DNA sequence: ACCTGAACACCGTTCAAGT
DNA sequence: ACCTGAACACCGTTCAAGT
């Protein structure tokens with residue numbers, strides 16, 4: 001009667017497994033499906049699956065969802081329980097973050113996912129903060145910069161921005177983790193700044209200005225990525241995409257839009273933001289066109305002292 | 001012997017109250033003073049004061065610190081304990097966020113600060129998330145946009161960007177709280193988008209492009225602000241400013257910088273980022289120069305269909 | 001010495017017991 | 001009906017007990 005919803009959901013799925021409606025290898029409903037179909041919170045859906053995982057009924061394979069576990073591979077020598085390593089911890093953390101967001105990555109959750117006690121993780125990573133640094137390093141290694149890169153400063157800056165953009169888009173939690181003037185001082189992050197400074201090296205601008213450029217450009221990319229990520233997160237949490245959101249607006253907001261106080265906003269409402277990548281290209285074109293203008297001024301003034 | 005530090009600190013202050021060294025109405029040391037003078041963590045100092053507050057020995061008056069409680073105001077009808085209101089909660093939350101960062105703003109901490117039980121807050125705000133929306137609204141109201149604003153699209157865009165920048169700089173936790181395509185749909189946030197769309201209204205660009213502009217510009221400002229805020233937070237947490245950080249770099253990083261793998265970064269190290277505001281002006285100038293170029297192209301092509 | 005479970009000090013929020 | 005303390009289900013990490 002007072003059974004919490006997550007137990008109820010877990011019981012329903014368990015029943016389908018025990019009756020054979022779901023067979024070994026079949027995918028069980030994803031947390032997102034549960035959220036959408038049953039109208040419960042993400043936390044509830046996550047907990048329900050965690051119950052089944054703890055019972056050994058299902059296994060979560062990063063990238064391919066949660067499936068019914070194949071019961072003990074018959075007779076064959078069972079693979080030794082995988083040794084716990086820093087790499088496995090980081091890989092698992094990344095899978096959880098990609099699937100459910102950074103806030104789902106807790107030390108305890110990772111431990112459960114890896115089948116060890118929470119404290120075992122601490123023998124391989126110093127703590128939650130250190131794990132975040134490892135995550136950033138791992139992602140950056142996934143998205144290497146070419147050497148020496150294309151010719152010309154503009155092509156180079158476009159390339160490094162797009163590589164960063166792609167990293168952010170692949171891992172929507174990444175923007176939260178990157179800081180700027182205090183770049184996580186690890187080789188992988190330093191490489192990006194170095195590459196950018198290299199792209200700017202030959203330009204007729206004072207060093208201080210080249211540094212400002214090397215700091216603002218990635219901040220711009222990250223800012224845009226963070227905004228897009230907020231959208232992704234909102235979709236995951238509410239189960240409504242941008243278009244649905246605009247069409248199901250609450251009465252008060254609808255009233256405000258109709259009030260005549262926000263005519264331009266009202267004219268734009270419902271206009272689908274079809275293509276997030278177009279936002280990057282827009283911002284990038286404006287910025288680099290601006291830099292080109294600045295270079296023309298610096299050159300025609302015959303030096304770098306002009307504004 | 002094994003007495004936790006916060007109890008020790010509480011006992012010391014209690015002693016000064018009981019001996020009359022601190023009299024009713026006197027201010028007891030603030031958490032910040034305790035942190036500075038005793039070299040303990042903020043959490044410890046906060047907890048010490050919480051102990052005294054729970055004992056009824058002191059009361060915290062938001063805005064005026066924590067003072068020794070006047071024992072039952074003799075005979076006279078006691079002034080009604082300040083009524084709990086949504087406004088007081090938001091004001092307190094903002095003060096805590098400004099002083100210690102958003103992560104210090106917990107429902108329980110606010111309740112303690114206001115001298116009520118945690119659950120009392122829920123009669124005025126729906127929960128932690130709703131409180132964050134209220135915080136955003138309150139900050140935006142602090143930074144109104146002029147009507148009708150200066151003439152010319154460029155002056156208008158510079159103004160709205162600088163107003164946002166100032167809000168972010170005043171409250172470094174704000175960038176974390178703002179999303180973009182799903183603008184917190186409250187009038188205060190809508191007003192900014194409306195104002196920006198208005199500034200762009202007369203330009204010879206397709207509506208979709210004006211919308212992209214109205215989304216990328218604030219994302220850029222926010223991205224830069226988030227980066228600067230990361231620096232602020234790092235300073236608070238490590239007690240090292242940017243310059244100190246560079247000069248006390250760990251051995252491994254110093255080795256990397258000296259390794260010759262990052263020549264441009266090495267050349268720039270220690271160069272002080274004197275002026276954060278210059279970063280905004282840099283990014284803003286590049287972007288708006290770029291937009292100016294785009295407009296020239298659109299105009300000379302005689303329409304808005306050109307790239 | 002190496003490993004990790006128990007425990008501590010938090011958190012947001014539900015629920016039911018108090019007035 | 002209104003208000004809020006107790007309790008639940010989390011969290012990261014310290015510490016000391018186990019091997």
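To make sure I understand, if each residue's beta carbon is the centre and we count other beta carbons within 10 Å, what order do A:277, B:289 fall in, fewest to most?
Least to most surrounded, the residues fall as A:277, B:289.
If packing is taken as the average count of other Cβ atoms within 10 Å, what order do B:138-145, A:157-164 fall into, highest mean first?
Averaged packing, sorted descending, gives the order A:157-164, B:138-145.
Taking the label point as lying 7 angstrom from Cα along the Cα-to-Cβ axis, what are the distances from residue A:254 to the corresponding position in the remaining copies, in ascending order and in nanometres?
6.6
Taking each residue in A:204-211, count the Cβ atoms of any other chain within 10 Å of its Cβ, then average. What number comes out?
On the way: counts 0, 0, 0, 4, 7, 2, 2, 7.
Mean inter-chain Cβ contacts per residue within 10 Å come to 3.
Averaged over its residues, how many other protein chain Cβ atoms are within 10 Å of peptide A:277-283's Cβ atoms? Show your work: numbers first, answer last.
Numbers: counts 0, 4, 8, 1, 2, 10, 11.
Per residue, the number of nearby Cβ atoms from other chains is 5 on average.
For an R0 of 56 angstrom, estimate the FRET efficiency from the Cβ-Cβ distance between residue A:299 and residue A:124 and round to the nearest 0.05.
Once rounded, the FRET efficiency stands at 0.55.
Report, as an integer, the average count of C-beta atoms from other chains found within 10 Å of each Cβ along A:290-299.
Across A:290-299, the average partner-chain Cβ count within 10 Å equals 3.
From the label point of residue A:159, set 7 Å along Cα to the beta carbon, how far off in nm is each other copy's matching point, shortest first?
Its label point is 4.3 nm from the equivalent points in the other copies.
None of the figures in this text is laboratory data; all of them are computed from the coordinates on show. Since the structure is predicted, the reported quantities are computational estimates derived from the model, not experimental observations. Quick reminder, even Gly has a Cβ in these numbers, built from the backbone with ideal geometry, and neighbours come from all protein chains shown.
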